[in-house]
Structure formats: structure tokens, C-alpha cells
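Notes to accompany the following structure.
Here, each number is a calculation from the coordinates, and none is a lab measurement. It should be emphasised that the depicted structure is a prediction, and the values quoted were computed from it without experimental measurement. For neighbour counting, all protein chains shown are included, and Cβ atoms are generated from backbone atoms with ideal geometry for every residue, glycine included.
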Amino acid sequence: MSGPANFESHLFGRGWLSSERTHRLNWAGAIGFRVWKLKVGPSGGVHMQVDPDGFEFKSDGNSWRVGGKASGYFAVSKATVSINARYEYTTAYSSQITIDRNTGLVSRGELETRHPTTLQIAGSVRVPVTRDLDAKVDVRQYDIRLDLDNTVSIGPVDNRSQTHILAGLVYRISR
């Protein structure tokens, strides 16, 4: 949408013929408004595992998230610059686990609520080198605070962070 408001919505599902497996449904969306050259607004989503025998949202593996998103494209001299940022706060439901040290069997207990957070930042610069060749650099950073402990995970990880830097040439086919 090129006007002052914009929206996006994504839906993914996976169903199984077997009645013993849970179906999965994941929806994510965002609405926003154009502020200068940025699209800024709230975002959210839901991840659900749907049991064919009955559905209850507050169950192990389900979650919902809310947050904010900003993205924009700018022309600086002959270069094209893009930036994207997203922050999400999640409410996730996980069952407590206990492990029998003699047999290694894992049993599930009471349902716990966790609140992981995600921060993603990305930017790219693309500069024409010749008529059909551009130089491009992409930088992406994400940080996920998982809010895990030993009651819901074996060997829990506090957070995951990663930075990706990609640089190269892009060939454009001009007609």
C-alpha cells in the first residue's frame, strides 16, 4: 500500500492426517503509518498447536506476541539504504518437566507462563558500480531473551544473539 497507512498479514498452517499429531497454526501481522520515509506501527502474532481432540489456548507450546515495527527506504546520492527494526514481547506457555535419572524418561507437569522478548535490527546499502552491477552490504542483528529455567527446559539457554554481515555484488539484468 503506498498511502499513509499500511498493513501486512501472514498465515501458516500445517495439518496432519493422523489424529495423534497436533496441527499447527501461526499468524503474524502488522499495521502502520508512514512517518516521513518510515513505516511505523504495532505488530503481533499467535502460534498455536491445535489438538484434534479439543482446543485450549493455554497449553504447552502455544504463545502470543505483541510489539512494534519500523522500516524504511532512503535514497542517499546514488545509494539505496534500507533499515528495519522489530521488538516483540511474547507470552508463551510451557509445561514443567522432570527427568527420571534412572530411566531418562521425561514427564510433563504444571503449565508455566514465560515472557521471552525479541529485538531484530537490519540495514542494507546498495550502490551502483556500473549500469548492470551493484555493490551491496547487509547487516542483521537479533537478540532473543528466552526466559527459560530448569523447570521447563533441559540445559536452558538465557539468550541467543547473532550478527550477520553479508557483502557482495548484485548483477541486474536490464532489458
Of the candidates 54, 41, 32, which one comes out as most mobile in a Gaussian network treatment of the chain with C-alpha springs shorter than 10 Å?
54
Using Cα springs under 10 Å in a Gaussian network model of the chain, which residue among 65, 160, 101 shows the largest mean-square fluctuation?
101
How high is the relative contact order of the chain? Use alpha-carbon pairs under 8 Å, at least six apart in sequence, and give a whole percent.
13
Mind listing the long-range amide H neighbours of residue 50? Cut-off is under 5 Å, sequence gap 5 or more, other chains count too, H placed in the peptide plane at 1.01 Å from N.
23, 24, 25
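Could you please rank 169, 148, placing first whichever residue has the fewest other Cβ atoms within 10 Å of its Cβ? Don't skip to the answer; put the middle values down first.
Values: 169 10, 148 17.
Final ranking by Cβ density, sparse to dense: 169, 148.
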To check my understanding: the extent here is largest minus smallest coordinate of the Cα atoms along each principal axis. What are those three numbers for the chain, in Å, largest first?
67, 36, 32
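Hand me the tally of lysine pairs in the chain: alpha carbons under 21 angstrom apart, and the pair either on different chains or 8 or more positions apart. Don't skip to the end; give the middle numbers.
Numbers: 37/69; 37/78; 37/136; 39/69; 78/136.
Final tally of qualifying lysine pairs is 5.
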